[in-house]
Structure formats: structure tokens, C-alpha cells
Amino acid sequence: MRKVFFLLFFTLVFMGFFQEHFVFAQTTTPAAVGLATCDLCGYCQDSRVPGNWEKCRNCIYPDLGGVGAETNSSLTIVDNNPITPKPGRMFTMFGCINTKMDSFESDGAAASVVQVLLNVIFSVAGGIAFLYIIYGSFIIISSQANPERLNYGKRIILGAIIGVIFCVSAVFIVNLIAGGILKIPGFGSS
């Protein structure tokens with residue numbers, strides 16, 4: 001029985017090493033579709049799809065289709081060039097940044113990116129303030145008429161409200177100075 005397995009194994013290995021492999025060249029007709037090496041979302045040929053590829057592809061290549069579109073669609077080469085991304089879009093860890101400009105090198109693109117970052121910062125600050133208001137309310141509810149705990153809860157809520165007012169006024173002042181006074185393109189529009 002061992003001899004049969006050894007002979008079978010030897011035959012398969014021998015056939016695998018000395019088998020002729022035919023490789024055909026790709027045709028150069030217009031109907032043939034080539035693929036780029038990698039796309040701007042980090043997906044490369046013969047590799048696994050990155051975890052955030054769907055979101056990035058919908059941001060940078062929105063014309064390629066919705067969820068579940070063919071993976072190689074962003075690697076397709078048309079007229080000897082890879083598919084061009086949508087102008088003024090970049091996928092970051094904050095999500096899709098859309099400058100509403102032709103490219104990141106045009107006038108006002110930096111201000112548009114700063115506007116997006118200000119929106120993200122304001123959203124995070126609002127969320128943190130909301131959590132602090134909930135925490136302060138819980139302290140007040142669970143204080144059992146203890147004056148120290150009541151004052152502590154009131155200070156937490158008051159601090160959260162002052163923080164939101166400070167954040168809103170900071171964003172307003174930056175937009176007023178940059179968009180209204182200095183007339184920097186890209187500011188003032190959300």
C-alpha cells in the first residue's frame with residue numbers, strides 16, 4: 001500500500017515539475033480589457049480587497065456602480081490609462097472629503113478641506129458634549145439630595161454647554177474671518 005501511495009505521489013510531483021505550461025500573449029484588439037496594477041483605494045491585482053474598499057471606491061470612483069460592483073472595475077484601463085478618479089475627492093480616515101473643486105491643486109481646495117475638517121471637529125465636540133450632559137444628568141439623578149454631588153453634576157452640565165458654545169463660536173469666527181473678511185475661496189459653504 002505504501003508503494004502505491006509513493007508511486008502516486010512521485011508521479012504527481014514529477015508531472016507537476018515537467019509539465020509544459022503554455023502562456024498566451026494578450027491580444028491588443030480594442031475589445032481586450034487590461035487592468036492597472038493598483039487603484040487609488042489600495043486594491044491591487046492578485047491581492048485581497050481592503051476592508052474599506054467599497055467606501056473608498058464609492059468616494060473616488062462613484063461612477064463605477066453601487067455596492068457589490070465588480071472588484072476589478074476600478075483597475076480597468078481605457079485608452080491606455082487607468083480610470084480617472086472623480087476630481088477633488090479624497091478618501092481619508094474621516095471618510096470621503098469632497099472639495100467641490102476640480103482638483104486639490106486649484107484655488108480654494110485647501111480651504112474646502114479645512115471646512116470639512118472643521119465640520120468633523122464640530123461633530124466630535126458636539127458628541128462629546130452630549131455624552132457629558134448625559135453623564136452630568138446621571139450624577140444629578142443619582143445624587144440622592146447630596147449637595148456635593150448635585151453641584152458636581154451641575155458643573156459637568158454647565159461645562160459641556162459652555163464647551164459647545166465655545167466650539168460653535170470658534171467655527172463661526174473662523175468662517176467669518178476666512179470667508180467674509182479675507183474672502184478665501186472655499187470657506188463659508190458647508
Single match in 126, 136, 159 (criterion: at pLDDT 80 or above and in contact with a Leu (Cβ under 9 Å, 6 or more places away or on another chain))
136
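Let's see how each residue does on (1) more than 30 Å from residue 117 (Cα to Cα); (2) of a type in the set (S, T, N, Q); (3) surrounded by 14 or more Cβ atoms within 10 Å (Cβ to Cβ); (4) at pLDDT 60 or above:
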{"residue": "10", "(1), (2), (3), (4)": "yes, no, no, no"}
{"residue": "20", "(1), (2), (3), (4)": "yes, no, no, no"}
{"residue": "43", "(1), (2), (3), (4)": "no, no, yes, yes"}
{"residue": "46", "(1), (2), (3), (4)": "yes, no, no, yes"}
{"residue": "70", "(1), (2), (3), (4)": "yes, no, no, yes"}
Which pairs turn up if I take residues in segment 143-158 that are in contact (Cβ under 8 Å) with a residue 24 or more places away in the chain and under 16 Å from residue 133 (Cβ atoms) and look for partners that are surrounded by 12 or more Cβ atoms within 10 Å (Cβ to Cβ) and not charged (D, E, K, R) with beta carbon separation below 6 Å, at least 6 apart in sequence or on another chain?
156/132; 156/136; 157/133; 157/136
Would you be able to tell me the number of residues in segment 135-186 that are of a type in the set (Val, Ile, Thr) and surrounded by 12 or more Cβ atoms within 10 Å (Cβ to Cβ)?
11
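The values are calculated or read from the model by the stated rules, or taken from the named source; none is laboratory data. What you see is a predicted model; the values in this text were computed from it and never measured. Heads up, the Cβs are rebuilt from the backbone with ideal geometry, glycines too, and the neighbour counts pull from every protein chain shown.
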